[in-house]
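A.B. asks: Have a look at this one.
The values are calculated or read from the model by the stated rules, or taken from the named source; none is laboratory data. Fair warning: this is a prediction, and the values are worked out from it, not measured in the lab. Glycine also receives a Cβ, built like all others from the backbone with ideal geometry; neighbour counts cover every protein chain displayed. With ligands, DNA and RNA removed, areas are computed over all heavy atoms of the protein, side chains included. Shrake-Rupley method; radii C 1.70, N 1.55, O 1.52, S 1.80 Å.
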Amino acid sequence: MSTATVSGPRNTTGRSGPRKSKLGWNLLGLFVFVTAGFPVYWMLNTAFKPAKDAIDPDPSLLPTSITFSNFSRALNIADFWGPVGRSLIVSLTVVVIGIVVGMLAALAISRFAFRGRKVVIVGILAVQMVPLVAMIIPVFLLLNDLGQYDRLSGLVLTYLTFILPFTVWTLRGFIVNIPRELEEAAMVDGCSRTTAFIRVVFPLLAPGMVATSVYGFIQAWNEYLYALMLMSQQNQTATVWLGNFTTKHGTEYAPMMAGSTLMAVPIVVLFLLVQRKMAAGLTAGAVKG
C-alpha cells in the first residue's frame, strides 16, 4: 500500500532575498558606471564632432558625422609636444622621487620605534587636510626666494608637498600588513635586514608601489592650479595648454575636447600596462613569500 506525500508550498523567501540584494548592487554599480563614464563618452563624442555640432543648443547623444579636423586643430593651435613633454618629465620625476623617499619613510614608520613617531604620522595626515589653494602664496614666495619660480624643478618640489604624504601613508598600510615573521625568518637564515627587505618585503610591496605610483602620476599629470600660477606661458604644462582654446572670441569646444582626448592617452596606456604589472607583482610576492 503506497502513501501519497503532500508537500506544502516551498519557502522562496530565502532565495529571493539574495537575488534582490544582488540586483540592487548591480543597479548601483550600473549607475556609478554611467555617472563616471558619461563625461568621458561626451568628451570623445565632442572630439569627433564637427565644430558647429559641438555648440549646437540641441546636442545629440550619438554623433551624426565624424571628423578628425579637431585633432589637427588641437595639434596646430599651439606647441602641443612641448607642454606634453614637460608634463611627462614633471610627473615621472615626482613619481620616482615620491616612491623612493616614500618607501623609505613608510618603512621607518612601520618597522622602527623612535621618539616622535606618532607625531610624524599625525603630521602626514594633517598635511593632506590642508587645501592646496591655501598654500599658493607661501609656495610662490618660497620658490621665488629659492630661484625656482618658472622652473620644472620648482614645480616638482611643489607637487611633492602633497603627493609624498599620500605615498608615505599608503605604503605604510601595505608594509604594516606584511608580517614581521617573514623578515625575521630570512634574518635567521643569514640574511641582513637590507637583504631580507629586498628578497621578502619588496616583492610583496610591489603591487602597492605600482598602485601608489599610478595615483601619483595621475595627480601630477592632471594638476592645473600650481602649473598655472608657477609657470610662464613658455614653460606651461599640458593642462594649462588646454586654456589656449579659450580666447576673446569664445571657446573652441571641439578642439578642446580633442586636446583632452590626446592628454588622456598616456593615462590610459599607463593603466593598461600597470594592470599586468600588478598581477605579476602579486604572483611573484606570493611565491617568494
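A.B. asks: Return the residue satisfying two criteria in turn: it lies in segment 138-179 and is touching a helix residue (DSSP H, G or I) at 6+ places or on another chain (Cβ under 8 Å) and without any contact (Cβ under 8 Å) to a residue 12 or more places away in the chain, and of such residues it is nearest to V214 (Cα to Cα).
C.D. replies: The residue in question is Q148.
A.B. asks: Still on this structure: I'd like to verify a number: residues in segment 230-259 that are of a type in the set (F, W, Y) and over 18 Å from G85 (Cα atoms), how many? If you could, list the steps in order and put the result at the bottom.
C.D. replies: So in segment 230-259, the residues of a type in the set (F, W, Y) come out as 241, 245, 253.
If we keep only those that are over 18 Å from G85 (Cα atoms) as well, we get 245, 253.
Number satisfying all stated conditions: 2.
A.B. asks: Return yes or no: is S110 farther than 28 Å from V269 by Cα, in contact (Cβ under 8 Å) with a residue 40 or more places away in the chain, crowded, with 16+ Cβ neighbours inside 10 Å and in the same structural domain as I198 (by the TED database)?
C.D. replies: Here the answer is yes, as S110 does meet what is asked.
A.B. asks: On the given criteria, is Y215 assigned to a helix (DSSP H, G or I), touching a helix residue (DSSP H, G or I) at 6+ places or on another chain (Cβ under 9 Å) and surrounded by fewer than 20 Cβ atoms within 10 Å (Cβ to Cβ)?
C.D. replies: yes
A.B. asks: Can I ask one more? Does L146 fit the bill of being in the same structural domain as L205 (by the TED database), buried (at least 17 other Cβ atoms within 10 Å of the Cβ), closer than 26 Å to L228 by Cα and out of contact with any strand residue (DSSP E or B) (no Cβ under 9 Å at 6 or more places or on another chain)?
C.D. replies: When the stated conditions are applied, L146 does not pass them.
A.B. asks: So, in segment 113-129, of the ones that are within 24 Å of the chain's Cα centre (by Cα) and open to solvent by less than 60 Å² (accessible area, probe 1.4 Å), which residue ends up nearest to N177 (Cα to Cα)?
C.D. replies: Ranking the candidates gives I121 first.
A.B. asks: May I ask you to say which residue of R151, R199 is in contact with a Cys (Cβ under 7 Å, 6 or more places away or on another chain) and either over 16 Å from A106 (Cβ atoms) or aromatic (F, W, Y) (or both)?
C.D. replies: Numbers: R151 fails: in contact with a Cys (Cβ under 7 Å, 6 or more places away or on another chain).
On inspection, the qualifying residue turns out to be R199.
A.B. asks: Scan segment 180-191 and report the pairs whose first residue is more than 18 Å from A113 (Cβ to Cβ) and touching a residue at least 60 places away in the same chain (Cβ under 8 Å) and whose second residue is of a type in the set (G, A, S) and part of a helix (DSSP H, G or I), with Cβ atoms within less than 9 Å and a gap of 6+ or a chain change.
C.D. replies: Pairs that qualify, where the first residue is more than 18 Å from A113 (Cβ to Cβ) and touching a residue at least 60 places away in the same chain (Cβ under 8 Å) and the partner is of a type in the set (G, A, S) and part of a helix (DSSP H, G or I), are L182/A196.
A.B. asks: Here is a further query. Checking the structure you have, find out if any residue of segment 56-70 is out of contact with any helix residue (DSSP H, G or I) (no Cβ under 9 Å at 6 or more places or on another chain), within 27 Å of Q219 (Cα to Cα) and either open to solvent by less than 40 Å² (accessible area, probe 1.4 Å) or not aromatic (F, W, Y) (or both).
C.D. replies: So far as segment 56-70 goes, no, none of its residues is out of contact with any helix residue (DSSP H, G or I) (no Cβ under 9 Å at 6 or more places or on another chain), within 27 Å of Q219 (Cα to Cα) and either open to solvent by less than 40 Å² (accessible area, probe 1.4 Å) or not aromatic (F, W, Y) (or both).
A.B. asks: When the residues of segment 174-212 are filtered to those that are open to solvent by less than 30 Å² (accessible area, probe 1.4 Å) and not hydrophobic (A, V, I, L, M, F, W, C), which remaining residue is modelled with the highest pLDDT?
C.D. replies: T212
A.B. asks: Could you check segment 120-140 and list, in sequence order, the residues that are under 17 Å from L228 (Cβ atoms) and of a type in the set (A, V, I, L, M, F, W, C)?
C.D. replies: L132, V133, A134, M135, I136, I137, V139, F140 - these are the residues of segment 120-140 that are under 17 Å from L228 (Cβ atoms) and of a type in the set (A, V, I, L, M, F, W, C).
A.B. asks: Another question, then. Is one or more of the residues making up segment 152-159 open to solvent by less than 70 Å² (accessible area, probe 1.4 Å) and assigned to a loop (DSSP other than H, G, I, E, B)?
C.D. replies: no
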